[in-house]
Amino acid sequence: MSAPADAPRDTGAPAAPVLGAAGLRVAFAGRAGRGTARAVDGVDLDIGAGEIVALVGESGCGKSTLARALLGLVRPTEGRVVFRGRALGHRPRELKELRRRVQLVLQDPTGALNPRHTVYDAVAEGRRIHSGSTADEQEHVAEALARAGLRPPERFFLRYPHELSGGQRQRVAIAGALVLQPEVIVADEPVASLDASVRGEILQLLLRLRDDYGLAALVVTHDLGLAWNIADRAAVMYLGRVVETGPVEDVLSAPRHPYTRALLSVLPESGSGEPQVLAGEPPDPTRIPGGCRFHVRCPVLASGAAAAAGVAERCRGEEPGMLSGSGAAQVACHWAHAPERV
Amino acid sequence: MDTASRAPAGRTAAGPPRRGRPGLHPAVRYLGGRVITALVSLLAVMVTSFFLFRVLPGDPVAALTQGRAVSVDQLEAMRRDFGLDQPLPQQFLDYCLGMLTLDFGMSYEYRVPVSELIAERIGPTLLLAGTGTVLAAMLGLALGTRAGWRRGSLMDRVDTGLALTLWSVPSFWLGLLLIVLLASGAGLFPTSGMSTPGVEGAFNVALDVAHHMVLPVATMVAVVYAQYMMIMRSSVLDEKGADYLTTARAKGLRDAAVLRRHAVPNALLPTVTLIFLNLGRVVSGVILIETVFAWPGLGSLFYSGLRVPDLPIVQALFVVFAGSVIVMNLLADLVYPLLDPRVRT
Ligand SMILES: Nc1ncnc2c1ncn2[C@@H]1O[C@H](COP(=O)(O)OP(=O)(O)O)[C@@H](O)[C@H]1O
Ligand SMILES: [Mg+2]
């Protein structure tokens with residue numbers, strides 16, 4: 001077992017993935033009268049050591065399900081989770097090992113912390129699960145709290161979550177993750193439920209943890225601005241599939257997928273012409289369209305640009321295929337790949 | 001269910017200090033409010049008890065002298081003795097003054113102070129009701145936890161179905177069934193009373209009483225455990241989707257430990273409150289069960305008192321029974337803030 005606290009920081013070459021998904025699919029059996037929901041529908045995604053990857057997309061596109069699958073909290077229907085180069089088995093021992101080195105931070109710290117546990121208990125829990133109660137437990141808890149920006153840590157030990165502010169609660173949740181000295185943090189919308197004024201601080205904290213301890217992170221968000229601010233790499237998800245991925249500068253400043261463009265166009269600071277409101281019904285994972293899954297809402301197809309490029313048929317009838325999980329810039333769009341594009 | 005809405009009400013009552021009389025700590029104000037409410041309810045119960053039993057059909061004097069040749073003078077004397085010749089307002093005043101000094105009057109039938117009868121009978125009732133309630137609560141909490149955690153499973157459906165069936169069965173019917181099956185037929189357990197005459201030695205007496213308790217306690221547990229089970233089941237269901245359980249699981253805690261360390265303690269919080277509120281039903285349950293099994297407690301005393309009607313007995317017991325419900329509710333209100341750190345500030 002390696003010492004997770006000091007993961008290699010500056011590797012010149014693209015860092016070896018610590019955690020990833022390979023051909024991952026998660027389907028939920030439909031409730032009364034509804035079909036099977038293919039929440040995650042074929043995703044390859046790698047998170048390198050010390051890398052921050054943003055997973056962006058509208059709500060309902062499967063981001064949380066993917067995040068949970070990465071922690072073994074939902075079982076993939078197909079494909080696998082790869083941790084340190086090995087496919088994750090779902091036996092209790094394997095899961096426990098994964099859950100020591102990969103930590104989850106949820107959106108709403110009010111719900112994510114047990115209301116009847118003190119800050120100390122909340123932070124110490126992870127250590128107790130994995131190393132039992134040790135004599136130096138208190139030092140570790142104090143250190144984790146301090147790293148999460150709660151200083152002096154002793155002042156917080158006996159507080160209950162309801163006595164803290166939203167930002168402080170999220171720091172407690174992060175401290176609870178840090179106490180295990182993980183290699184990766186999977187953060188599901190970590191600031192979405194916080195006041196705008198503290199969002200920046202929490203994001204700053206994640207960045208500093210990466211810089212200081214080489215902590216990798218998958219940050220799930222529906223907020224592209226946030227992705228821009230903290231991520232090295234972005235993966236844009238639509239209806240269970242990653243449709244565009246690459247270094248964050250490429251994806252967000254030179255988007256190639258019509259979906260990414262539409263998302264960006266509604267940002268106030270985008271300045272790139274008209275905001276593009278997507279037509280058509282909101283996506284429904286129980287009825288994923290054939291062909292390109294975005295074609296029914298695609299503004300490029302609707303405007304005739306796809307037809308002009310000669311790909312309209314393929315948009316309707318041919319699935320663009322899965323993107324690889326590596327760091328390279330890629331897009332799953334027939335039109336973006338069309339040679340005679342205007 | 002109005003009981004369910006009481007816990008949150010308790011929550012806000014202990015909240016941050018609001019405008020109002022200065023100098024009173026909010027906790028003191030909260031306690032004071034609850035105690036006053038309880039006292040007012042008790043007063044209402046006392047008044048109700050007096051009038052309720054006076055509209056019962058039946059004349060105690062006639063009932064007590066049934067089958068004997070008594071003269072009109074003797075009947076008049078008895079009436080005077082009982083104070084029944086007084087005008088109603090006077091009777092009411094005497095009753096109230098008596099109650100305030102814990103003097104419940106003289107039983108018509110037994111000719112001894114009601115307070116003596118109660119003192120003599122309260123032990124067996126507490127023994128039966130206490131044992132039955134503790135066992136029913138333990139069984140109900142365990143089964144309710146299991147059923148809620150695995151909602152929709154076969155086990156949940158079987159356990160819940162059985163509990164609700166037993167709950168809807170009248171306790172005297174179930175009691176008689178048990179008597180027929182286990183006592184009369186197989187002769188395994190005594191069917192009435194609390195002890196066998198002539199048994200000596202502390203250990204043997206205890207064993208004998210326990211033997212007598214089997215059927216009444218079993219009947220009581222079977223009929224009432226469903227309420228504890230259903231409360232716990234729904235509390236566990238409420239907690240089941242909570243994010244903090246996901247957090248704990250994601251840290252590597254096994255499912256059984258997630259349930260034990262997180263879900264159960266938090267589900268117990270609303271459950272304890274509701275259990276206290278439901279303890280009132282123990283009283284009505286115990287009256288029937290004591291009657292079926294001739295258990296020498298307050299319940300059978302009440303039942304026999306009703307037939308006369310022995311007004312001092314039934315009035316006093318009504319106040320005792322209703323009073324115990326009120327006290328339980330008060331306890332629930334007082335215990336709740338101790339358990340929930342969100343209220344305990
Ligand atoms: N446990 C579940 N059972 C059934 N459907 C689910 C479950 N969890 C998520 N889904 C469905 O999967 C889809 C993706 O959900 P989610 O991963 O939460 O999306 P996001 O986090 O991007 O908002 C949604 O349509 C949701 O209704
Ligand atoms: Mg989500």
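The values are calculated or read from the model by the stated rules, or taken from the named source; none is laboratory data. Please read all numbers here as calculations on a predicted model, not as lab measurements. Virtual Cβ from ideal backbone geometry, glycine too; neighbours counted across all protein chains shown. Ligands, DNA and RNA are stripped out before the accessible areas are found, and what is left, the full protein with its side chains, is counted by its heavy atoms. Shrake-Rupley method; radii C 1.70, N 1.55, O 1.52, S 1.80 Å.
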- Looking at the stretch B:249-265, residues buried by 40 Å² or more relative to their chain on its own, accessible surface at probe 1.4 Å, turn out to be B:Ala250, B:Lys251, B:Gly252, B:Arg261, B:His262
- Query: If you place +1 on the Cβ of every Lys and Arg, -1 on the Cβ of every Asp and Glu, and leave all else neutral, what size is the dipole of the protein assembly as shown about its Cα centre, to the nearest 20 Debye?
  - Reply: 820 debye
- Message: How tilted is helix B:26-54 with respect to the longest principal axis of chain B? Cα atoms for both, answer in degrees (0 to 90, nearest 10).
- Response: 40 degrees
- Query: Ranked highest first by average number of other Cβ atoms within 10 Å, how do B:219-227, A:131-139, A:113-121 line up?
  - Reply: B:219-227, A:113-121, A:131-139
- Item | In degrees, nearest ten, helix B:154-168 long axis to first principal axis of chain B (Cα) | 20 degrees
- How large is the accessible surface per residue of the protein assembly as shown, computed with a 1.4 Å probe and reported in Å² as a whole number? 47 Å²
- How large, in percent, is the carbon and sulfur part of the accessible surface of chain B at a probe radius of 1.4 Å? 67 percent
- Item | Nearby aspartates and glutamates by direct alpha-carbon distance to A:Lys63 (threshold 16 angstrom, same-chain neighbours under 8 apart not counted) | A:Asp41, A:Asp44, A:Asp46, A:Asp108, A:Asp188, A:Glu189, A:Asp223, A:Glu244, A:Asp284
- Any idea of the total accessible area buried by the B-A contact, 1.4 Å probe, rounded to 100 Å²? 2000 Å²
- Task: Starting with the highest mean, order A:180-189, B:170-179 by the number of other Cβ atoms within 10 Å, averaged over the residues of each peptide.
- Result: A:180-189, B:170-179
- How would you rank B:323-329, B:111-117, highest first, on the average number of other Cβ atoms within 10 Å across their residues? B:323-329, B:111-117
- Item | Peptide-level mean, for A:120-130, of C-beta atoms on other protein chains within 10 Å | 3
- Taking all protein chains as present, what is the carbon and sulfur share of the accessible area of the stretch A:244-341, in % to the nearest whole number, probe 1.4 Å? 54 percent
- Partner chain coverage, peptide A:112-119 - average Cβ within 10 angstrom: 6
- Under a cut-off of 15 Å between alpha-carbon atoms, report the aspartates and glutamates in cross-link reach of A:Lys96, not counting same-chain residues fewer than 8 places apart. A:Glu125, A:Glu183, B:Asp255
- One finds the C-alpha centres of the stretch B:27-89 and the stretch B:229-299 to be spaced, in Å, by 38 Å
- Query: Other chains' Cβ within 10 Å of A:90-102 residues: what's the mean?
  - Reply: 2
- Task: Using a/c under 1.5 as the rounded threshold, could you call the stretch A:244-341 rounded, prolate or oblate? The axes a ≥ b ≥ c are square roots of the C-alpha gyration tensor eigenvalues, and prolate needs a/b larger than b/c, oblate otherwise.
- Result: rounded
- Report, in deg cm²/dmol and to the nearest 500, the calculated mean residue ellipticity at 222 nm for chain A, where each DSSP H run with n ≥ 4 adds -39500 (n - 2.57) and the sum is divided by the residue count. -9000 deg cm²/dmol
- Can you tell me the 0 to 90 degree angle between the C-alpha axis of helix B:298-307 and the longest principal axis of chain B, rounded to 10? 40 degrees
- Note on the structure: Among residues of the stretch B:217-247, a drop of 10 Å² or more in 1.4 Å probe accessible area, assembly relative to the chain on its own, occurs for B:Asp243, B:Tyr244, B:Thr246, B:Thr247
- For every helix of n ≥ 4 consecutive DSSP H residues, a contribution of -39,500 (n - 2.57) applies; sum these over chain B, divide by its total residues, and give [θ] at 222 nm rounded to the nearest 500 deg cm²/dmol. -23000 deg cm²/dmol
